[in-house]
1. Once the piece of chain linking Ala349 and Glu385 is laid out straight, how much longer is it, given 0.36 nm per residue of separation minus the C-alpha distance between them?
2. Could you tell me the calculated FRET efficiency between Lys612 and Arg543, based on Cβ-Cβ distance and R0 = 45 angstrom, to the nearest 0.05?
3. Suppose accessible area is computed on protein heavy atoms with a 1.4 Å probe; arrange Trp380, Trp171, Trp119 from highest to lowest.
4. Measure off 7 Å from each Cα along the Cα-to-Cβ vector at Met196 and Met556, then give the distance between these two points in nanometres to one decimal.
5. Ignoring ligands, DNA and RNA, how do Ser489, Ser348, Ser382 rank by accessible area with a 1.4 Å probe, largest first?
6. Assuming 0.36 nm per residue, please report the length gained on full extension of the stretch His518 to Asn394 beyond their Cα-Cα distance.
7. Set Lys and Arg Cβ to +1 and Asp and Glu Cβ to -1, take the dipole of segment 451-515 about its Cα centre, and tell me which of Cys507, Pro496, Tyr469 lies farthest positive.
8. Along the principal axes of its C-alpha atoms, what lengths does segment 441-522 span, in descending order and rounded to whole Å?
Amino acid sequence: MSKNDQPTTSGTRTSTLSMQRASKRLRLDDPSFEDEFQRLLLESDQCDSDGDVDDCLFYEADIQKNHSSEQEIIEESGSTTRADGDVRRSDSESSDDDNIPIAQLRPSKYNYGKNRYKWATEPPSRRVRTPQHNIVLNRSILHLTEDEKKDPISIWNKLFDNEMRQTILTWTNFKIAEFRAKFKRQDRSELKEMDMIELNALLGLLYYSAALKSNHESTSFIFATDGTGCEIFRCCMSETRFLVLLNCLRFDNPADRAERIKTDKLAAISGIFDKFIANSQKLYQLSEYVTIDEMLVEFRGRSHMISYMPQKPGKYGLLIRALCDAKTFYFYNGYLYSGKGSDGAGLSADEKKFLVPTQCVLRLTQPLQRTNRNVTADNWFSSIEVVDELSKRNLTYVGTLKKNKREIPNLFQAQKSREIGSTLFGFTNDKTLCSHVTKKNKAVLLISSMHHDNTVDEHTKKPEIILFYNFTKGGVDETDKKCSIYSSSRRSRRWPMVIFHRVLDLCGINAYILFNQHQDKELERGKFLKKLARSLVVPHMQRRAINPHLPNELVMTLKRVFGPDMPSQEPSSEENIVPKRKTCKLCPPKIKRKTTHTCVGCKQPICLQCSKPLCKDCQ
């Protein structure tokens with residue numbers, strides 16, 4: 001009798017379970033293994049034995065340990081067990097079952113990962129129709145009034161609020177003052193300070209460039225006067241003024257930026273970005289499904305935060321990890337990746353000990369905790385760790401899984417013996433593992449804490465987990481796509497400007513989603529952006545239209561843009577004074593004809609006989 005087969009004693013009392021171990025050892029390939037094992041567990045609880053029930057299991061490690069000096073062991077049944085794990089019959093018996101792996105002879109009720117993580121082959125029995133973790137709880141939001149629901153500019157003002165614009169206005173004027181000091185003639189109109197009306201007009205022009213898809217065009221093309229330019233830009237401001245404002249846009253106080261950047265690498269734009277995120281969360285009620293993914297904002301300038309993602313169209317840029325609604329693609333939460341340690345910002349000391357993808361998911365889902373919503377993400381974020389942590393916070397998770405996870409059984413990997421379209425399931429009390437063969441020698445792995453059965457669609461022959469993942473995985477990608485279709489970004493070497501343009505695009509998308517939620521008929525997003533942009537630029541154009549020093553050609557353009565709503569020029573105090581009579585410049589000098597009229601174009605004195613009247617259509 002070997003050492004492991006000796007009965008275990010405690011004082012003068014001999015355990016009944018130990019006697020059974022000495023007389024009989026259970027094998028995993030025994031058909032009665034499950035029944036015998038359960039019976040031994042019950043007897044172990046009744047007799048309070050100090051022995052280890054695992055000693056009853058006959059693992060491959062036991063074979064190699066107890067028979068290191070022997071290559072083969074003859075069992076009572078006449079079978080041969082080799083040290084390499086193969087079970088063979090004795091030489092006196094010949095069969096076609098030679099070289100069958102032990103893994104195939106073990107009972108199929110459980111599968112084990114490399115770290116002995118246990119997966120059941122049958123789904124757990126549930127007595128409820130809808131699990132509690134699938135019942136979504138809503139959060140309180142800031143409701144819009146009936147007038148605000150119908151007006152795009154009112155919704156946009158809630159997202160890009162006055163506090164954000166006032167911050168931009170303050171520090172942009174501070175930069176304009178520094179820029180003005182470089183010129184000898186500092187009274188030029190292009191170098192004057194900006195007010196809130198002109199700032200709104202500048203943002204409106206950026207939205208116009210997005211709606212007209214002219215954001216990458218040269219400003220000389222946009223402000224061209226030969227009929228090929230865009231009239232709305234010239235009606236709003238000059239080309240030089242437009243370039244000066246873009247060059248001087250600033251979003252924080254440069255005096256204390258060096259001190260703030262020690263703790264916040266995004267100090268140049270973080271105030272505007274975080275405020276936009278907070279406003280977005282106040283106005284929207286998420287659906288029951290959300291998506292977490294990465295969006296790359298294309299940028300090739302100098303920055304320590306440049307990321308390289310070859311699968312993205314831009315390849316190089318600034319990385320934003322985002323959480324969006326899986327149904328409407330509303331941008332709800334996100335942060336800019338600024339290097340090592342940025343994923344765990346705002347988390348507790350214990351949460352920072354998790355894997356980096358887990359920290360990312362926990363940070364993005366902080367506003368959703370205790371709401372029973374589902375999170376969908378790809379294999380970079382997925383792990384057993386993140387599923388367990390979200391379950392503690394009353395959130396479910398569905399996502400693809402990398403094949404190098406130690407919890408995955410070898411049987412779930414792609415094998416030549418598995419047919420195309422076949423599916424394997426593994427279950428625990430709160431998780432489901434799915435392995436679906438899509439191609440030869442290729443299996444897709446998914447993990448879910450929302451699904452707890454082995455349902456397969458009859459038409460597509462795909463598991464319900466895969467169909468659900470395909471339905472909810474595109475939330476962030478669709479938002480990124482919408483930003484690229486109507487983009488306000490212009491070429492810049494300053495990374496804060498790149499993020500600012502992305503904030504404008506996301507603000508336009510969120511405002512569009514909120515606007516369509518209260519409309520009977522959905523409005524096209526291009527028309528919505530034009531409507532929003534016009535509301536932003538009209539106040540500044542009205543103020544500019546009454547400027548008496550505008551060229552006549554531009555005044556006529558403004559009349560055509562405004563139509564009957566063209567504001568009339570208010571008479572100044574100088575117009576109330578009777579003008580002096582001057583000699584007409586076209587009449588012969590000998591006549592010396594005096595007149596009080598002047599030419600509209602050159603402002604020179606001209607009499608009525610030398611002038612040419614115009615009809616109403618030509619005026």
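The values are calculated or read from the model by the stated rules, or taken from the named source; none is laboratory data. Treat the numbers as computed from the prediction; the structure is a model and nothing was measured. Glycine also receives a Cβ, built like all others from the backbone with ideal geometry; neighbour counts cover every protein chain displayed. We work out accessible area using only protein heavy atoms, side chains counted, and drop any ligands, DNA or RNA first. Shrake-Rupley method; radii C 1.70, N 1.55, O 1.52, S 1.80 Å.
1. Working: separation 36, 0.36 × 36 = 12.96 nm, distance 1.65 nm.
Net length gain for the segment: 11.3 nm.
2. Working: r = 31 Å, r/R0 = 0.70.
Efficiency, rounded to the nearest 0.05: 0.90.
3. On the way: Trp380 85, Trp171 65, Trp119 0 Å².
So, going from the largest accessible area down, we get Trp380, Trp171, Trp119.
4. 3.7 nm
5. On the way: Ser489 35, Ser348 55, Ser382 0 Å².
The ranking, largest first, comes out as Ser348, Ser489, Ser382.
6. Numbers: separation 124, 0.36 × 124 = 44.64 nm, distance 3.04 nm.
Contour length minus the Cα-Cα distance gives 41.6 nm.
7. Result: Pro496, furthest along the dipole toward the positive end.
8. Result, largest extent first: 50, 41, 23 Å.
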